[in-house]
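One structure is given here, and the rest of the page talks about it.
The values are calculated or read from the model by the stated rules, or taken from the named source; none is laboratory data. Because the structure is a prediction, the values reported are computed rather than measured. Don't worry about glycine lacking a Cβ; one is built from the backbone with ideal geometry, like all the others, and counts go over all protein chains shown.
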Amino acid sequence: MASGSSLVARSAILLWTLYSPTSHSEKRSMKTSTENLPFVLAALLVFAGVARAENVDLSTVPKRDTVQLTIYNSEDLTLVRETRSVSFKKGDNPLQFSWVNTRIDPSSVELRFLDHTDDVELLDTTFPHAKPQMLYWNVRSEFVGRATIEISYFTSGITWSADYVMIANPQETKADLTSYVRVFNQSGEDYEDAQVRLVVGVVNLVEKIAELANMPMSQVGQLGAKRRKDYALRAMRESVSNAEGAFSAPMAAAAPSEPKQVIKEGLSEYFIFTIDGTETVPNGWSKRMLSFAAEDVPIKIQYRYRPQEYGDQLVKLYLMANDKESDLGSTPLPDGVYRTFHATEGGSLRYVAAEEKKYVAIGDKCELNLGQDKDVIWELITRRTAREKLVMKMHGADVYRELDGDNLQIDVRSSVAGWQDHVWYGQRVANATGKPIELEVRRAYSGDVTFLSGLNPTRHDNNTVQYTTTVANGQDIELDYEVVTKQGWLSKQNRVEIQAK
């Protein structure tokens with residue numbers, strides 16, 4: 001934005017051009033022009049007064065020299081740090097900063113001086129009511145010259161996501177895992193030659209940045225400076241306080257011939273992926289880049305039946321660990337989509353499944369659900385059902401009598417008070433995969449239940465039974481078990497009891 005004095009100067013030149021004769025033929029109109037000169041000067045003074053009233057000695061901050069984006073994937077939140085070189089005169093220097101049509105949080109904008117710190121001082125920050133997406137900094141300088149300033153703020157609309165490609169070997173014992181990251185910019189602002197940092201971790205904020213960005217400035221002003229910072233600045237800035245050196249480091253661009261890579265560094269509970277060199281991140285832009293590639297990651301196959309997690313079906317899973325033994329474990333694995341392929345003996349690839357997974361911490365396991373396997377048959381057979389131990393409540397008295405084979409007489413004045421349902425099951429499993437499979441079954445039961453089996457079951461929790469077994473290749477077996485559920489007066493607890501059979 002031009003200063004008031006420059007606007008006046010340009011207006012004077014324009015008006016002089018309009019009212020000055022430029023040739024002999026125009027001299028006859030000179031008297032008319034000079035007669036109108038007082039009105040011209042009056043208009044000029046009015047225009048100058050308006051210009052100075054709006055923009056007196058204001059300087060818009062110049063273009064960025066460097067910019068750094070720290071993007072959090074757990075919140076719609078990005079910390080932006082920009083450096084700019086500004087010319088100061090001695091005395092007061094008003095600076096103007098605008099964020100029109102962007103999603104910058106106005107309460108988070110901060111100004112810091114990187115040099116000449118003893119010669120410049122920020123006096124105050126004001127938000128003009130007539131310009132709701134603009135602020136003025138009043139800077140007092142004790143010298144004449146250029147100084148480097150840093151402007152930092154939070155914005156929403158810049159996000160990133162991870163995706164993974166896993167290729168299992170023909171034996172399904174190892175897999176190559178490649179990770180990519182993709183950055184999306186919908187913030188309304190273009191960021192040219194930006195150093196991009198991607199943060200893995202959870203950021204707990206009192207308010208989300210998007211809510212503050214949409215809040216009217218009149219309300220933001222009422223929050224007060226301390227409370228505004230408590231909303232967003234505290235959690236974010238404290239989380240990166242140990243990385244100030246990395247933030248302030250020179251941001252040199254990588255050589256054009258070098259591929260972009262992601263360098264990883266640990267920071268408290270957060271992990272920061274720094275993209276080598278710089279990237280231009282215009283609004284509406286997205287770009288995919290390589291994060292890491294790991295070869296021969298050990299995987300384990302397990303077949304599971306867990307209706308509460310996978311529905312009423314037997315599913316196949318790949319299990320791997322995010323640890324050093326698996327050639328992983330240097331960083332957590334961010335949220336992302338895993339696309340799994342199986343390499344055949346002939347060298348081709350067969351697409352298996354895609355699944356979105358949550359954050360996997362260092363040392364944790366990653367379980368990929370591949371869905372049903374057509375080479376494994378899974379069906380439940382009900383062999384027999386019975387209702388046993390019928391208990392009657394005698395009429396007119398709190399007396400209960402269990403009916404058995406020797407006592408089948410029923411008083412017409414009595415009523416059924418309890419019984420137990422007994423079901424015999426056969427779980428059929430047929431394995432045609434070409435290799436033995438490990439099977440895990442986890443079933444939940446409600447009520448007072450007794451589970452009878454010779455499968456060495458254990459109780460996963462009070463209402464869930466779990467057992468594992470191995471099914472050889474080509475084997476077709478039925479896993480027998482019984483379930484007894486006590487009803488009515490016989491039911492004493494909501495719990496599964498296990499009995500060996």
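Of everything in segment 282-305 that is β-branched (Val, Ile, Thr) and part of a strand (DSSP E or B), the residue that is surrounded by the most Cβ atoms within 10 Å (Cβ to Cβ) is VAL297.
Does VAL376 fit the bill of being over 30 Å from ASN73 (Cα atoms), buried (at least 16 other Cβ atoms within 10 Å of the Cβ) and β-branched (Val, Ile, Thr)? Against the criterion (over 30 Å from ASN73 (Cα atoms), buried (at least 16 other Cβ atoms within 10 Å of the Cβ) and β-branched (Val, Ile, Thr)), VAL376 qualifies. Is at least one residue of segment 431-453 more than 45 Å from the chain's Cα centre (by Cα) and on the phi > 0 side of the Ramachandran plot? Checked segment 431-453: no residue is more than 45 Å from the chain's Cα centre (by Cα) and on the phi > 0 side of the Ramachandran plot. With a requirement of 2 or more residues that are within 20 Å of LEU380 (Cα to Cα) and assigned by TED's automatic domain parsing to the domain that holds VAL416, the strands (runs of 3 or more DSSP E) lying completely within segment 454-493 that satisfy it span 464-471, 476-488.
Looking only at segment 57-99, residues that are among the aliphatic types (A, V, I, L, M) and under 16 Å from ILE158 (Cβ atoms) come to 6 in all.
Scanning segment 83-96 for residues that are aliphatic (A, V, I, L, M), under 20 Å from GLY188 (Cβ atoms) and in contact (Cβ under 8 Å) with a residue 12 or more places away in the chain turns up nothing. Taken over segment 426-438, the residue count meeting the criterion of being surrounded by fewer than 17 Cβ atoms within 10 Å (Cβ to Cβ) and not aliphatic (A, V, I, L, M) is 6.
Taking first residues from segment 318-346 that are assigned by TED's automatic domain parsing to the domain that holds ALA361 and partners that are of a type outside the set (Asp, Glu) and assigned to a helix (DSSP H, G or I), the Cβ contacts under 9 Å between residues at least 6 apart in sequence or on separate chains come to MET320/SER326; SER330/LYS324.
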